[in-house]
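No value in this document is a laboratory result; all are computed from the given coordinates. In this text the structure is predicted, and so the values were computed from the model without any measurement. So basically every Cβ, Gly included, is an ideal-geometry build from the backbone, and we count neighbours across all protein chains shown.
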């Protein structure tokens with residue numbers, strides 16, 4: 001299996017390393033003023049997403065409601081249920097902050113870009129993948145904080161969920177809506193400058209990841225956990241990916257879907273969005289030194305899902321090509 005080098009993944013881990021050596025810059029009260037710049041970065045990301053979100057491109061996939069129901073049930077039902085098992089069942093062995101991060105990962109929506117790209121690479125149903133990934137991102141604005149309210153309340157995290165919802169409305173929903181309103185005027189410009197917007201989007205995420213870890217380093221979160229937490233995140237992340245892929249694939253086969261639909265279901269159901277997760281974590285836990293630990297499982301899972309799904313996409317594409325011949 002040949003794994004292609006991904007510069008963004010390398011940059012993500014470079015941001016974490018940079019935070020471990022220079023945490024003062026990105027910590028609260030530092031020269032980067034993350035308490036202000038992070039929210040502006042979140043707004044910028046979702047404004048750009050709103051400009052690029054074409055509902056006309058989703059028409060071809062809207063009628064396949066059984067496939068959509070399966071994907072969203074896995075994303076916001078099966079995944080959070082597994083997260084609850086990890087959160088409450090892992091209490092004797094895992095720290096509360098790490099368990100919170102694992103559940104946050106499970107409560108997130110699916111990612112758009114890699115779900116669609118991998119479905120296309122595997123010769124799956126691309127319109128259905130585009131529809132599901134986009135709808136998942138929109139549903140996540142509401143469903144992710146609702147799921148998180150279960151554990152932040154029961155776990156004594158003391159999160160002000162009303163404040164979180166208001167923050168999400170101001171810094172996520174409003175910019176997304178403004179982006180949609182601006183699409184008739186800026187849509188053509190965005191299409192011509194897709195590569196530049198992509199760099200702005202990823203650069204903003206790198207900034208958010210860096211500042212997310214700075215306060216955790218200064219507060220000694222990492223020195224209290226060490227390499228064992230990272231290894232556990234890798235094992236749990238790979239297990240979650242494999243389990244949800246098996247569940248989604250088995251359900252799709254039981255429902256009588258063809259190979260193209262099964263591929264779309266498995267890729268969309270098993271993905272978790274870095275682009276949505278990091279900004280949401282900033283808004284929900286930006287006041288807390290545990291933010292870095294909350295984001296860690298997402299960083300690990302993001303890497304695993306690209307590597308594992310990329311290998312599967314190549315394999316399935318070759319198999320479908322042989323079958324068509």
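Looking at the square roots a ≥ b ≥ c of the eigenvalues of the Cα gyration tensor of the range 231-309, which shape do they give, rounded for a/c under 1.5, prolate if a/b is larger than b/c, or oblate? Here the range 231-309 falls in the prolate category. Packing, taken as the mean count of other beta carbons within 10 Å per residue, orders the peptides 37-44, 22-29, 96-103 from highest to lowest as 96-103, 37-44, 22-29.
The simple spin-label model puts a point 7 Å past each Cα toward its Cβ; for residue 170 and residue 243 those points are separated by 3.7 nm.
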